[in-house]
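The structure appears below as structure tokens.
The values are calculated or read from the model by the stated rules, or taken from the named source; none is laboratory data. In this text, all values refer to a predicted model and were calculated from it rather than measured experimentally. Reconstructed Cβ throughout: ideal geometry from the backbone, glycine too, with neighbour counts over all protein chains shown.
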Amino acid sequence: MDRCIVLVDAGYLLGAAASLLAGEPSRSRITVDHTALIQGLRERAESDTQQPLLRIYWFDGAPDRVPQPEHRRLRVMPRVTVRLGALTRSDGRWAQKGVDAAMHAELTELARNRACSDVVLVTGDGDLLPGMMAAKEHGVAVHLWAVQAADGDYNQSEDLVAEADERRVLDRTWITKAVRAKEYSGVCAPQPAPRPEIAAILSAPLPDSALSAPPERPAPPPQHPAAGPGQNGSEERVPAPKGVPTPKDLAALRAPGTQPAQHPASATLRWSSDKGWVDRPPVEPPEAASMPTLAQLTTAEQRWADREEDITTVGGDPYEVGQVFARRWVERLGDQSHLQKLSGMYPRIPHRVDGELLRYAARFGLLAHKDDQIDERDRYAIRAGFWKEIGVRTGVEHAPVGD
């Protein structure tokens with residue numbers, strides 16, 4: 001077949017680009033315009049091989065092989081196929097597993113089936129040498145592309161370079177058409193753009209009730225009435241009471257054999273964290289429990305359209321994610337009285353809706369590399385974006401927590 005195929009090792013391409021533009025191979029140090037990058041690869045491949053492009057294969061790693069936002073965008077682009085390996089953490093560093101094997105298998109299979117006349121490899125790993133040799137034996141011309149090395153030296157296997165039929169270097173000028181280094185004010189990561197809504201929540205003072213000393217409670221009676229002090233002659237110590245009971249404490253109240261008097265009847269839970277505390281009853285009011293979720297309001301057709309919008313339009317910024325979720329929820333809400341009730345609950349989002357909101361945010365990679373937990377600041381941003389959109393829809397300006 002007189003056509004070309006491009007196999008891209010994304011770890012090599014973007015890592016080498018980060019070294020060239022930002023001085024270190026961390027992909028977090030660069031911003032990538034994937035649409036421009038794919039277009040550039042296609043034009044360069046067709047120009048170098050003088051053959052039309054069949055397909056670009058994008059090989060990358062992802063935690064648990066779950067597609068990240070960039071992978072979801074790439075795999076819906078024309079002539080692009082995404083293949084994911086695992087991304088594992090070892091000795092404090094992230095490493096790809098299975099990517100080289102997948103590239104080797106794809107390369108040899110394409111050559112064996114004579115799917116193309118030319119293959120472009122964007123990689124530097126010498127493990128692909130057997131696959132390159134097998135492709136050549138099947139009559140395929142192999143083009144090896146390198147990213148310009150930051151130190152002017154080679155960043156590819158010498159054996160791989162020697163075996164290639166054609167070699168090209170993607171220089172700084174070509175790379176910067178689609179990749180740029182992030183601006184840093186210092187050695188530390190840049191602070192995100194300030195948002196008044198988030199800053200107000202984070203800086204909110206504790207309520208007066210939280211600042212006062214918790215009431216003392218009597219020590220519980222001993223389990224054996226006849227027992228006296230401990231064997232060492234000391235009396236049993238009673239743990240200091242907590243000012244705010246935890247969910248575990250409240251669950252203990254309902255356990256058989258416990259004494260309800262251990263906690264005050266008006267016990268409340270603190271919402272979100274110790275920054276900007278807000279009292280929340282342990283049992284939600286009926287109007288909150290009856291609040292419909294977005295899943296209940298969404299039809300199958302809307303679910304498909306939402307998925308397309310998430311892939312092609314939503315950028316994944318936590319604040320934006322909260323706004324998108326709230327917009328869909330409001331637009332599909334038949335009974336507008338729920339909207340007014342929700343606005344009156346500020347800053348607390350009903351538990352079912354809040355859980356669904358955070359699960360939706362997890363689709364955009366906000367859980368990645370964070371031990372399956374959304375960062376606290378991201379959670380504030382998600383909820384702030386949600387309330388901002390609700391305020392726009394209701395015309396109510398929600399005062400920051402603590403005002």
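Could you grab me the full set of residues in the stretch 27-58 that are assigned to a strand (DSSP E or B) and either modelled with pLDDT of 95 or more or of a type in the set (A, V, I, L, M) (or both)? Walk me through it before giving the result.
Here is the first cut: in the stretch 27-58, the ones assigned to a strand (DSSP E or B) are 30-32, 53-58.
Within the stretch 27-58, Ile30, Val32, Leu53, Leu54, Arg55, Ile56, Tyr57, Trp58 meet the criteria.
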(request) Please state which one of Arg307, Arg328 is surrounded by 14 or more Cβ atoms within 10 Å (Cβ to Cβ) and of a type in the set (Lys, Arg). (result) Arg328
(message) I need a count of the residues in the stretch 120-157 that are of a type in the set (Val, Ile, Thr) and either without any contact (Cβ under 8 Å) to a residue 40 or more places away in the chain or under 15 Å from Asp171 (Cβ atoms) (or both).
(response) 4
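Can you tell me how many residues in the stretch 328-364 are in a loop (DSSP other than H, G, I, E, B) and either under 19 Å from Asp317 (Cα atoms) or not assigned by TED's automatic domain parsing to the domain that holds Pro318 (or both)?
As a first pass, look at the stretch 328-364 and keep what is in a loop (DSSP other than H, G, I, E, B): 332-336, 345-350, 363-364.
Adding the requirement that they be either under 19 Å from Asp317 (Cα atoms) or not assigned by TED's automatic domain parsing to the domain that holds Pro318 (or both) leaves 363-364.
The number of residues fulfilling the criteria is 2.
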(message) Given the condition surrounded by 14 or more Cβ atoms within 10 Å (Cβ to Cβ) and over 18 Å from Arg114 (Cα atoms), answer yes or no: does some residue in the stretch 132-142 qualify?
(response) no
(request) Just need a number here: residues in the stretch 81-97 that are more than 14 Å from Leu7 (Cα to Cα) and surrounded by fewer than 16 Cβ atoms within 10 Å (Cβ to Cβ). (result) 10
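Just to verify a result, which residue in the stretch 143-162, among those that are touching a Gly at 6+ places or on another chain (Cβ under 6 Å) and surrounded by 16 or more Cβ atoms within 10 Å (Cβ to Cβ), is farthest from Glu109 (Cα to Cα)? Walk me through it before giving the result.
If we filter the stretch 143-162 for residues that are touching a Gly at 6+ places or on another chain (Cβ under 6 Å), which is where we start, we get 155-157, 159-160.
Filter once more, so that each one left must be surrounded by 16 or more Cβ atoms within 10 Å (Cβ to Cβ): 155-157, 160.
Numbers: Asn155: 27, Gln156: 23, Ser157: 22, Leu160: 19 Å.
Of everything passing the filter in the stretch 143-162, Asn155 is farthest from Glu109 (Cα to Cα).
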(message) Given the options Asp48, Asp9, Asp33, name the one that is touching a residue at least 60 places away in the same chain (Cβ under 8 Å) and under 19 Å from Ile311 (Cα atoms).
(response) Asp33
(message) For the condition surrounded by fewer than 22 Cβ atoms within 10 Å (Cβ to Cβ) and closer than 17 Å to Glu166 by Cα, what is the one hit in Asp125, Asp100, Asp118?
(response) Asp125
